[in-house]
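To keep things clear, I will list the structure first and then write my remarks on it.
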Amino acid sequence: MDNTGPSRLTAIALAFMAVIWVSPFSWLILNAFNPLSTGQLEIPKAFGFDNFGLAVSGNAGRQFINSLIIAAGTATLSVVVGISAAYPLSRLRIPGRNALLWTLVLLRMLPSAGVLVPLYFAAQRSGLLNQLGVIIALTILNLPFTLLLLKNFFDTVPIELEEAAYVEGASLLQIVTKIVLPMSRAGIAVVWFFSFTGAWNEFLLPLIFARVQDAFPMSVGLYAAFGQQGAINYGFLTAFSILYAAPAIGVYFLLRRNMNTGFAGVGVKG
């Protein structure tokens, strides 16, 4: 049987998908480095960094720091809280634990806007309409998936190792920090990465909770940048977009070794 036909169709389909994916990035890069950008997909007559200079001359530096605080704080808090809750769920035979876990996951299917009002009033009454409030709110929203992923990774750690450590006189804290966490570092990296990128890309919660421009992250700053120049400046916006996307890409490359192992080990158990 001749497989040339299906192979060619597959190649054509892949090439078509590649064009769809590459075209927006090509437009973004070409306009960012084009000092005379008009928003068209064209090769610049001259390349320069003028748009990047314009992007960082405003509030981008402060917004970058705000984004870093929110994203790193959310990712770290999500991992700490997730470990504290996922390990008991993995090791203790709690009645209805799977039902509880999946109920939390199903509730998380609600869009963020659907729970924004109660979160806002809770933050307002607690005096947390600030960056800390954003971090706590995002951690709460991340918790169901954090619990699900971390529990599944902890389930893969042989309990015999922990029992042997108990026999040797190790404490629970030593077992968790010296056995469970090192053997689950790939899963922790996956959870940290997803929490970081989710918080980095979050727009609605920082816009509502932060309230003041000095506390806005880059996601809100990009939205506000549309009107900063009086008219749409495509060179400025595309340069700002590249600066906005760069940290998340950099975090992935820093964690890619553990990320690849973590993705290979992701599984959902009943």
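The values are calculated or read from the model by the stated rules, or taken from the named source; none is laboratory data. Remember, it's a predicted structure, so these values are computed and weren't measured experimentally. Reconstructed Cβ throughout: ideal geometry from the backbone, glycine too, with neighbour counts over all protein chains shown. For accessibility, only protein heavy atoms count, side chains too; no ligands or nucleic acids. Shrake-Rupley method; radii C 1.70, N 1.55, O 1.52, S 1.80 Å.
Taking the range 238-257 as the range and being over 14 Å from the mean Cα position of the chain (by Cα) and touching a residue at least 60 places away in the same chain (Cβ under 8 Å) as the test, the residues that pass are Thr238, Ala239, Phe240, Ser241, Ile242, Leu243. Among residues belonging to the range 39-60 that are in a helix (DSSP H, G or I) and in contact with a Phe, Trp or Tyr (Cβ under 8 Å, 6 or more places away or on another chain), point out the one that is surrounded by the most Cβ atoms within 10 Å (Cβ to Cβ). Among those residues, the one meeting the criterion is Ala55. Does Leu110 meet the test of being under 28 Å from Pro182 (Cα atoms) and modelled with pLDDT under 85? Judged against the criteria, Leu110 is not a match. For the range 148-174, name all the residues that are among the charged types (D, E, K, R) and either open to solvent by 50 Å² or more (accessible area, probe 1.4 Å) or over 26 Å from Ala72 (Cβ atoms) (or both). Within the range 148-174, Asp155, Glu160, Glu162, Glu163, Glu168 meet the criteria. The combined condition, being crowded, with 17+ Cβ neighbours inside 10 Å and free of Cβ contacts under 8 Å to residues at least 40 places away in the same chain, is fulfilled by Leu30.
Helices (runs of 4 or more DSSP H) fully within the range 175-270 that include at least 2 residues being at pLDDT below 85, farther than 23 Å from Ser26 by Cα and open to solvent by 80 Å² or more (accessible area, probe 1.4 Å): 234-265. When each of Arg108, Arg97, Arg125 is tested for being more than 30 Å from Ile65 (Cβ to Cβ), among the basic types (Lys, Arg) and without any contact (Cβ under 8 Å) to a residue 40 or more places away in the chain, the lone residue that passes is Arg97. The selection criterion, being aromatic (Phe, Trp, Tyr) and open to solvent by less than 50 Å² (accessible area, probe 1.4 Å), does not hold for Phe145.
In summary, Ile65 fulfils each of the numbered conditions (1) surrounded by 17 or more Cβ atoms within 10 Å (Cβ to Cβ); (2) within 22 Å of Asp214 (Cα to Cα); (3) not small (Gly, Ala, Ser) with the single exception of condition (1). Residue pairs whose Cβ atoms lie under 9 Å apart, sitting 6 or more positions apart in sequence or on different chains, and linking a residue in the range 57-85 that is at negative phi and at pLDDT below 95 to a partner that is basic (Lys, Arg) and crowded, with 17+ Cβ neighbours inside 10 Å, are Gly82/Lys151; Ala85/Lys151.
Here's the yes/no breakdown for (1) under 18 Å from Asn201 (Cβ atoms); (2) open to solvent by less than 60 Å² (accessible area, probe 1.4 Å):
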{"residue": "Ala85", "(1), (2)": "no, yes"}
{"residue": "Trp102", "(1), (2)": "no, no"}
{"residue": "Val105", "(1), (2)": "no, yes"}
{"residue": "Val117", "(1), (2)": "no, no"}
{"residue": "Ala137", "(1), (2)": "yes, yes"}
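Cβ-Cβ distances below 8 Å connect the following pairs, each with a first residue in the range 183-207 that is within 14 Å of Ala71 (Cα to Cα), a second residue that is assigned to a loop (DSSP other than H, G, I, E, B) and open to solvent by 10 Å² or more (accessible area, probe 1.4 Å), and a separation of six or more residues or different chains: Pro206/Phe216.
Go through (1) of a type in the set (Gly, Ala, Ser); (2) touching an Asp or Glu at 6+ places or on another chain (Cβ under 9 Å); (3) modelled with pLDDT under 85 one by one and return the number of the condition Ala46 breaks. Condition not satisfied by Ala46: (2).
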